[in-house]
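Participant: One structure is given below, represented as structure tokens, and several questions about it will come after.
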Amino acid sequence: MQRQKEMHSSNSAILTRRNVRLAREKWGAMLSPALTQALRLYSEQLDVSIEHGDLLLMSDKWYVTHSGLLRLAKKNHCSGIQTETVSEFCDPVTKRWVVRAIVYKTSRSKGFVGYGDADPTNVSPLVRGAEMRIAETRAVNRTLRKAYGIGLCSIEEIGTLPRPFPVAADQATSEELQPGNGNLLRDRLRLLIRQHQLDAGQVKRYAAYFCGTKELRDASREQVEKLIDHLSQLAAAGGDKLREELATYENRPVVGCRNATNETVAPREVA
């Protein structure tokens, strides 16, 4: 028993150090001493992993992710999760959905109950049309947090976009990712980067190929919309597929090529 405690303590210390190191690499100066201390605490108490995408930092706050909560439930041998729509509060015409979730920690558990709602007014334009699935995810997240005593809000439960996503100094800044033709498109792109933990520098470079412009800010609104739709389709097929697509363009020369829509790109100098 004593040896098991020592091993757990050692593994927890390793996880904490790794989380802090990865967080500093990912968020740089945005990681204040207070946020670092909070990360240490969450690492020790919840066994969450930055590497696995369990936590995200936005607007100077830590948020747990859906995948992180499911990983925690699996680790604690969760017996089952049941969901159902609450018909009296749902309206398919206006795309408003309310979902009830029940989490059973053990086979004998009476279950923990939670609710989640979603409609076009409180979801990102990026996921419009998927309000019922968003409501279910929010319900499951809230119920898992209740069942396992997690005080952190989940990123999927946020109804409105926080301020721009911070990135490390060696990555493209939020301002560099502004298309310069509307906050809605900018927010959709930032949300896509946040949700799938993409490298902002890779996205910026890929956008140059896709739109056929030297900078994303030089692209037209139509080009940026096509870019976001294309990235969203890749993300729907799986986050790994999207990251692989971005990585293929990372070190490719930018002279006289065709972009991702197979349109001719005017030759330009390599950055």
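The values are calculated or read from the model by the stated rules, or taken from the named source; none is laboratory data. All figures in this text were calculated on a predicted structure; none of them were measured in a lab. Note: ideal-geometry Cβ built from the backbone for every residue, glycine included; neighbour counts use all protein chains shown.
Participant: Condition first: in a helix (DSSP H, G or I) and surrounded by 19 or more Cβ atoms within 10 Å (Cβ to Cβ). Now tell me which residues in region 210-227 satisfy that.
Facilitator: Here is the first cut: in region 210-227, the residues in a helix (DSSP H, G or I) are 210-211, 216-218, 221-227.
Of everything in region 210-227, those that are in a helix (DSSP H, G or I) and surrounded by 19 or more Cβ atoms within 10 Å (Cβ to Cβ) turn out to be PHE210, CYS211, LEU216, GLN223, VAL224, LEU227.
Participant: Within region 46-59, restricting attention to residues that are surrounded by fewer than 17 Cβ atoms within 10 Å (Cβ to Cβ) and closer than 11 Å to LEU72 by Cβ, which residue is modelled with the highest pLDDT? Please lay out each step first, then the result.
Facilitator: Here is the first cut: in region 46-59, the ones surrounded by fewer than 17 Cβ atoms within 10 Å (Cβ to Cβ) are 49, 51-52, 59.
So of that shortlist, the ones also closer than 11 Å to LEU72 by Cβ come out as 49, 52.
Working: SER49: 94, HIS52: 91.
Per the stated criteria, the residue is SER49.
Participant: With the condition kept exactly as written, say whether any residue in region 114-125 is in contact with a strand residue (DSSP E or B) (Cβ under 8 Å, 6 or more places away or on another chain), under 30 Å from SER32 (Cα atoms), modelled with pLDDT under 95 and buried (at least 18 other Cβ atoms within 10 Å of the Cβ).
Facilitator: There is no residue in region 114-125 that is in contact with a strand residue (DSSP E or B) (Cβ under 8 Å, 6 or more places away or on another chain), under 30 Å from SER32 (Cα atoms), modelled with pLDDT under 95 and buried (at least 18 other Cβ atoms within 10 Å of the Cβ).
Participant: Take LEU35 and decide whether it is more than 17 Å from the chain's Cα centre (by Cα) and surrounded by fewer than 19 Cβ atoms within 10 Å (Cβ to Cβ).
Facilitator: Details: more than 17 Å from the chain's Cα centre (by Cα): yes; surrounded by fewer than 19 Cβ atoms within 10 Å (Cβ to Cβ): yes.
In short, yes.
Participant: Would you mention how many residues in region 190-207 are at pLDDT below 80 and over 24 Å from HIS52 (Cβ atoms)? Break it down stepwise before answering.
Facilitator: Our first condition is that a residue be at pLDDT below 80; within region 190-207, this holds for 190-192, 194-197.
Now drop any that are not over 24 Å from HIS52 (Cβ atoms), which leaves none.
So the answer is 0.
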